[in-house]
Amino acid sequence: MKKIRVLIVDDSAVVRQVLSDIISADPELEVIGTAADPYIAAERMKTTVPDVITMDVEMPRMDGITFLQRIMSQHPIPVVICSSLTEKGSETALKALEYGAVEIIEKPRLGTRQFLEESALRICDAIRAASRVRPRRIATRKREIAPKLTADAVLTRPTSLAMVRTTEKVVVVGTSTGGTEALRVLLEALPADSPGIVIVQHMPEYFTAAFADRLDGICRISVKEAQNNDSVIPGRALIAPGNRHILLKRSGARYYVELKDGPLVCRHRPSVDVLFRSAARYAGANTVGVIMTGMGDDGARGMRELKEAGAVTIAQDEATSVVFGMPKEAISHGGVDMVLPLNGIAAAVLKNCR
């Protein structure tokens, strides 16, 4: 089997060495070179084109975002960002995803070697997932963002609207690799009065708040990082915080979310399976479940439980998925009612929530 060729771009010699050791230890991967900055990386790529690039964001001579834009506008190659992210800096990482990065791996500013060694499995999984992506050439100009239309209607609803009927539909969504863009497409297509939505997107801690804020700025619905006991109400989407499980609960006619720590489930926290199981238990047939692009099988069992509870279940199709792993596993587990392209999911959600 041909190995996946990886180029490591990071200004830290320690990080380059540790990543090289981790990647080289995987029998499916090989390191074809390392570079301390994008200029050196560009020279390396003249002789050998990698299948995947791992890259830091903050580097000398040229930052990682600028280099990423050049790669994706000239010769697209799957890129995994491995960067020190703080709440303040996560906006930069969001731009990386917007400009075509496949995955984000957070590394701490202290104890980087130990963290990377402990995260070896996740790093190699991310590289394998990235190698299967068919990156698209992007335009160098930024996409224009339409203004929010009726913000007051979705952000400051009367308290009484939180008390929905027990027949009120709830939408639960799970996604991973490629999901940031898939969620943008789905949520932008929904009207301001769409059913309440709860989302698990696999991403690092301190990252989901900035991601939710960005979606909130471009969607007609309100989007926020979930907090414990947040009500699930029409016109709002709640995104699980990184490193916290999210459960859908019900008290009388009110749906709300509960955040929990707990162990990793399917190697993830938050886990799609945890969300879907809670929705099957507390909302049952009042649920529409959606599983979209992502690597692995998180959500497959929960999707089956949703269907058995009477929910309508939808999976993104292979053609529009960055990685077809999670939808494919959900389908193979018998938990999917319909398989749709990304741009058809919003209409199907609305139709089955009427």
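The values are calculated or read from the model by the stated rules, or taken from the named source; none is laboratory data. Bear in mind that the values here come from a model prediction, so they are computed numbers and not experimental data. In this analysis, Cβ positions are derived from the backbone assuming ideal geometry, glycine residues included, and neighbour counts consider all displayed protein chains.
Here are the numbers:
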{"quantity": "Residue tally, condition within 19 Å of the chain's Cα centre (by Cα) and without any contact (Cβ under 8 Å) to a residue 12 or more places away in the chain, over segment 246-279", "calculated": "1"}
{"quantity": "Flag if residue 243 is surrounded by fewer than 21 Cβ atoms within 10 Å (Cβ to Cβ) and either touching a residue at least 40 places away in the same chain (Cβ under 8 Å) or closer than 25 Å to residue 181 by Cα (or both)", "calculated": "yes"}
{"quantity": "Pick from segment 340-354, criterion within 20 Å of residue 200 (Cβ to Cβ) and free of Cβ contacts under 8 Å to residues at least 60 places away in the same chain, ranking: surrounded by the most Cβ atoms within 10 Å (Cβ to Cβ)", "calculated": "340"}
{"quantity": "Residue that is surrounded by the most Cβ atoms within 10 Å (Cβ to Cβ), among those in segment 4-29 that are out of contact with any Pro (no Cβ under 8 Å at 6 or more places or on another chain) and within 20 Å of residue 134 (Cα to Cα)", "calculated": "8"}
{"quantity": "Filtered residues of segment 280-302 (kept if without any contact (Cβ under 8 Å) to a residue 40 or more places away in the chain and either hydroxyl-bearing (Ser, Thr, Tyr) or surrounded by 22 or more Cβ atoms within 10 Å (Cβ to Cβ) (or both))", "calculated": "280, 282, 300"}
{"quantity": "From 42, 96, 36, 101, residue being touching an Asp or Glu at 6+ places or on another chain (Cβ under 8 Å) and not acidic (Asp, Glu)", "calculated": "36"}
{"quantity": "Selection count where residues are among the small types (Gly, Ala, Ser), at pLDDT below 75 and surrounded by 18 or more Cβ atoms within 10 Å (Cβ to Cβ), scope segment 90-111", "calculated": "2"}
{"quantity": "Segment 147-196, residues that are at pLDDT 90 or above and surrounded by fewer than 17 Cβ atoms within 10 Å (Cβ to Cβ)", "calculated": "185, 188, 191, 193"}
